[in-house]
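To keep things clear, I will list the structure first and then write my remarks on it.
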Amino acid sequence: MKDVRGVVAAAVLLAAALAGCSAGGGDGEGRPPKGAPSVTATPAAAESPSGDPAAEGQGTGDRMTPGPELVRDAFAGLQATLQETCTPGAGDCAYYLGRVHEELTGLEASMKNDPKGPGHFPEPLAWMAELTKTLGGDTSTENLEAHMKELIGVRDRINTWMQDHPDDYR
């Protein structure tokens, strides 16, 4: 049974990879399109390193569940936004600000789930919590444009903070 699950899991992952390749997308550097979930497959408890997929945070049985990226990977996605900009109201902000928000959200999740614990990232997590409160759950283009200064400010503060903590992203 274990062999069958491994074959099925490999086939599912291969099909997903091929679908992603044939559908285009991505950023040309091997990363999936923005918005694509980070997925880790754990086909069976016996195949996870600890023998317990629930302990791995990946679900149970043959299910594939998204998991947070590593802090360094999430931070790399955030850094990729540093050279971009937009003009509010000009139509180019919807993608850009949505992407910055998405990268911040992913980084927040990875920091909260990092083995060092969320206490290792007090300032970035506090800044992101304040931004979340400021946005009030509204991630519409209009609201992100209205709070562009705060959104970009948090991104830039986190970038500076992370540069002072190279152990967390190298």
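The values are calculated or read from the model by the stated rules, or taken from the named source; none is laboratory data. Everything quoted here is computed from the prediction, not taken from an experiment. For neighbour counting, all protein chains shown are included, and Cβ atoms are generated from backbone atoms with ideal geometry for every residue, glycine included. To get the accessible areas, we keep the full protein, side chains included, count just its heavy atoms, and leave off ligands, DNA and RNA. Shrake-Rupley method; radii C 1.70, N 1.55, O 1.52, S 1.80 Å.
Pulled fully out, how much extra length does the chain show between Lys112 and Tyr95, if you take 0.36 nm times their separation in residues and subtract their Cα-Cα distance?
Values: separation 17, 0.36 × 17 = 6.12 nm, distance 2.56 nm.
Between Lys112 and Tyr95, full extension yields 3.6 nm more.
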For this session: Might you tell me the accessible area per residue for segment 74-170, computed with a 1.4 Å probe and given in Å²?
Result: 51
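On the protein heavy atoms, probe 1.4 angstrom, tell me the percent of accessible surface of segment 79-139 carried by carbon and sulfur. Can you show the working numbers first?
On the way: 1720 of 3180 Å².
Carbon-and-sulfur percentage of accessible area, whole number: 54.
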Problem set entry | Length added when fully stretched, Gln79-Glu142, from 0.36 nm per residue minus Cα-Cα | 20.3 nm
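Please report, in debye to the nearest 20, how large the charge dipole of segment 82-132 is about its Cα centre when each Lys and Arg carries +1 at its beta carbon and each Asp and Glu carries -1 there.
On the way: 3 positive and 8 negative charges, 27 e Å.
Value, rounded to 20: 120 debye.
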